[in-house]
Amino acid sequence: MQSLSKIRKKKFRYPKEVKEYLTVRETQAVYSGKIDIPYQRVCNCKPTNINCQTPKDWIKSQLGVWQFTYEKRDIRDRQLHPATFPISLARKVIDLFSHRGELVLDPFVGSGTTLVAAQDCGRNAIGFDLKKEYVDLCNQRLGQNLLFGNTRQLAVQDDAFKIPAYLEENTVKLIFTSPPYANLLNRARKNKSRRGEERKNEQYLKVEQYSQDPRDLGTMSLEKYTEEMGDIYERLLPLLKPMGHCVINVPDMWWENKRITIHIALVEELRKRGYELRNIIIWDRTNIVNRIGIFGWPSNYITMGTTFEYLLDFWRPRET
């Protein structure tokens, strides 16, 4: 594995074994060239400022536990997408870690919430997804809000592994996403958190998965998923500006009565790949979770994974 000191050099280089693997994988695609998308700030903030926030907004962002609510534009239909997050969440992350006009990247864009929030915030943004249906959904959502015409938001159907073919190095100010959670959604739902007959709703025994594409991270074991995430994010690191942030929204989950600590696996893996962990923020979901059942009672104490998630905040360290 490449040492942190080497990763911090101005010219980013991959280890030999990783480079050979990338070469083989990249021969499977044909690129038309880099995407011309703006990435420079257009605000009047001081060069050292991390964002355009007022002191009042900055203070609110210092709290380590955040809550959000959904709005009418949010996607709540699991038939359209099985795992979405509020526009307000993405908007807060974008406001905190970027300036107006800068470039936001979502490598697993899904229903396009990050792009919608970037449009609201006056940021340029690009997102990638394997599924054409999700890319079409992104474009549909972006087309419904045309008031913000000075920036560009774009959804691309392609593998996150290939993103470096589309963007120049040192152009992305923020990487923000909620990635697939390994193969932990690739199973029939039992709705154990619901009471009695409420368990047998429209989601009961359904497999809420993104796809069965072998490239889909949602089809992989936690070990393979973690390695693949590391490979993808190692390739994204040169795109990120020094001291640019990378925020990943993930929960932990239960699998066969064992706690699967996805957030720990990702923290350890991204540290190996050259990212520096800055903060872990808790997304407190108790205000949007209804009708929680007696989960684990009376013999097994289990905290509900649906009531909170993690926002893992990394950055690309200063180059030496």
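Residues in the stretch 266-320 that are surrounded by fewer than 13 Cβ atoms within 10 Å (Cβ to Cβ) and either more than 24 Å from residue 93 (Cα to Cα) or modelled with pLDDT under 80 (or both): how many? Count: 10.
One residue is enough: does the stretch 126-133 have a residue meeting the conditions of a type outside the set (D, E, K, R), out of contact with any Asp or Glu (no Cβ under 7 Å at 6 or more places or on another chain) and surrounded by fewer than 19 Cβ atoms within 10 Å (Cβ to Cβ)? Walk me through it before giving the result.
Quick first cut of the stretch 126-133, residues of a type outside the set (D, E, K, R) only: 126-128, 130.
Checking which are out of contact with any Asp or Glu (no Cβ under 7 Å at 6 or more places or on another chain) leaves us with 126.
Going one step further and asking which of them are surrounded by fewer than 19 Cβ atoms within 10 Å (Cβ to Cβ), we end up with none.
Looking for residues that are of a type outside the set (D, E, K, R), out of contact with any Asp or Glu (no Cβ under 7 Å at 6 or more places or on another chain) and surrounded by fewer than 19 Cβ atoms within 10 Å (Cβ to Cβ), one finds none in the stretch 126-133, hence no.
Here the helices (runs of 4 or more DSSP H) wholly within the stretch 42-139 that include at least 1 residues being in contact (Cβ under 8 Å) with a residue 12 or more places away in the chain and in contact with a Phe, Trp or Tyr (Cβ under 9 Å, 6 or more places away or on another chain) are 87-97, 113-121. Inclusion of residue 244 among residues that are small (Gly, Ala, Ser), at pLDDT 80 or above, within 17 Å of the chain's Cα centre (by Cα) and not in a loop (DSSP other than H, G, I, E, B) is warranted.
Only one residue in 161, 176, 148 is farther than 30 Å from residue 300 by Cα and modelled with pLDDT under 65, so which one is that? It would help to see each step written out before you state the result.
On the way: 161 fails: modelled with pLDDT under 65; 176 fails: modelled with pLDDT under 65.
After applying the criteria, what remains is 148.
Scanning the stretch 219-241 for residues that are free of Cβ contacts under 8 Å to residues at least 60 places away in the same chain and either in a strand (DSSP E or B) or among the hydrophobic types (A, V, I, L, M, F, W, C) (or both) gives 220, 222, 229.
Within the stretch 247-259, if we keep just the residues that are crowded, with 18+ Cβ neighbours inside 10 Å and not acidic (Asp, Glu), the residue that is farthest from the chain's Cα centre (by Cα) turns out to be 251.
The values are calculated or read from the model by the stated rules, or taken from the named source; none is laboratory data. As the structure is a computational prediction, the values presented were derived from the model and not from experiment. Heads up, the Cβs are rebuilt from the backbone with ideal geometry, glycines too, and the neighbour counts pull from every protein chain shown.
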